[in-house]
Amino acid sequence: MWFLVQLVAVVAVSLLAGQAVALVDGRAWPSLVVGVGAAVVSTLVYSAVVRATEKRRVVETSGRTAASGLIRGLILGVAVFSLVIGVIALNGGYRIVGTTADPINAVGLAGFMAAAVTSEELLYRGVLFRHLERVTGTWLAFAVSALVFGGVHLLNPNATWWGALCVAIAGGGMLTSAFIAARNLWLPIGLHFGWNYAQSAIFGSEVSGNGVREGILESESSGDALISGGLFGPEASVFTLVAGVVVTVVFLWLAHRRGRLVPIRRAAAVEADAQPSKLAG
């Protein structure tokens with residue numbers, strides 16, 4: 001029951017956040033302010049609903065881990081995508097043709113993506129994965145939530161089964177394993193934002209088939225779609241798949257070392273970051 005309450009709350013606030021960002025789309029600084037504000041409001045709503053329904057401290061959105069998680073995730077997301085697009089370029093699948101006419105648009109994209117990735121992480125990791133893990137344990141919840149995350153991308157323009165599978169394995173794998181290892185939402189939010197921002201606002205490439213939003217660099221892709229990702233963008237590249245699997249394995253190894261993999265027999269008792277299941281103070 002609480003799963004449905006939280007799901008409805010997160011979806012509702014995500015839709016409102018999307019509408020708010022759409023109202024200022026195309027205006028850089030208003031988009032930044034509204035987008036970041038929408039991300040903050042979405043997180044506060046999630047925290048309030050979880051606290052009210054589960055009667056516990058919402059450690060996965062604790063302010064104490066926010067800065068470090070976001071910064072580390074951001075750096076990792078930008079670094080991994082930069083490595084991937086560099087390898088794609090070396091193999092003839094991507095090249096920079098210049099800079100855009102109005103690079104300040106990259107500022108507005110930061111707000112748009114902050115709102116979008118925060119909503120997705122609250123939904124897929126904060127609600128879906130977390131509740132599945134309580135019932136099934138880590139491994140099955142990991143697989144199901146990653147597949148759902150990839151499957152939803154079939155609704156995107158220029159979507160392909162291969163692209164959705166890559167998103168499930170690489171994107172869903174990286175982001176879910178980051179949550180498992182850290183047991184907070186800040187790391188996957190930062191990682192998701194860093195990847196998407198580098199992909200669109202910096203390198204000017206397609207994001208999951210949704211088209212190119214003008215940022216800093218103007219680019220073009222060519223050649224074998226397995227290398228470039230084709231119309232779906234670099235996320236459908238075999239190099240993205242390899243990078244995603246490597247990062248996922250590292251995060252899962254860290255999660256194992258930290259004792260954060262939940263077996264089925266303990267699934268119903270899992271608590272984020274081993275915190276007591278009660279309200280603080």
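The values are calculated or read from the model by the stated rules, or taken from the named source; none is laboratory data. Since this is a predicted model, take the numbers as computed values, not measurements. Cβ coordinates were reconstructed from backbone atoms using ideal geometry, including for glycine residues, and neighbour counts include every protein chain displayed.
Odds and ends about this structure:
- Scanning region 171-206 for residues that are of a type in the set (A, V, I, L, M), buried (at least 23 other Cβ atoms within 10 Å of the Cβ) and under 28 Å from residue 32 (Cα atoms) gives 174, 175, 178, 182, 185, 187, 189, 191, 201.
- Which listed residue, of 247, 242, is more than 12 Å from residue 182 (Cα to Cα), of a type in the set (A, V, I, L, M, F, W, C) and touching a residue at least 12 places away in the same chain (Cβ under 8 Å): 247
- Out of 135, 144, sole residue that is at pLDDT below 95 and surrounded by fewer than 19 Cβ atoms within 10 Å (Cβ to Cβ): 135
- Here the condition is being polar (S, T, N, Q), touching a strand residue (DSSP E or B) at 6+ places or on another chain (Cβ under 7 Å) and modelled with pLDDT of 95 or more; of 228, 237, 221, it holds for 228 alone.
- Taken as a whole, the condition of being within 21 Å of the chain's Cα centre (by Cα), in a helix (DSSP H, G or I) and within 27 Å of residue 215 (Cβ to Cβ) applies to residue 40.
Each row is one residue, and each column tells you yes or no for (1) modelled with pLDDT under 95; (2) outside any helix (DSSP H, G or I); (3) farther than 16 Å from residue 220 by Cα.
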| position | (1), (2), (3) |
| --- | --- |
| 66 | no, no, yes |
| 69 | no, no, yes |
| 75 | no, no, yes |
| 78 | no, no, yes |
| 95 | no, yes, no |
| 108 | yes, no, yes |
| 118 | no, no, yes |
| 123 | no, no, yes |
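- Summed over region 166-197, residues that are farther than 24 Å from residue 154 by Cβ and of a type outside the set (S, T, N, Q) total 9.
- Selection from region 172-230 of residues that are in contact with a Ser or Thr (Cβ under 7 Å, 6 or more places away or on another chain) and polar (S, T, N, Q): 176, 177, 184, 199, 205, 219, 221, 222, 228
- Filtered residues of region 49-99 (kept if buried (at least 16 other Cβ atoms within 10 Å of the Cβ), closer than 21 Å to residue 203 by Cβ and of a type in the set (Val, Ile, Thr)): 78, 80, 84, 85, 87, 88
- Residue check, residue 125 within 14 Å of the chain's Cα centre (by Cα) and closer than 16 Å to residue 262 by Cα: yes
- Contacts under 8 angstrom Cβ, first residue in region 128-151 being closer than 14 Å to residue 248 by Cβ, partner among the polar types (S, T, N, Q), 6 or more apart: 129/145; 129/176; 142/176; 142/177; 145/176; 146/176; 149/176
- Candidates 37, 26 - the one that is at pLDDT 95 or above and farther than 21 Å from residue 127 by Cβ: 37
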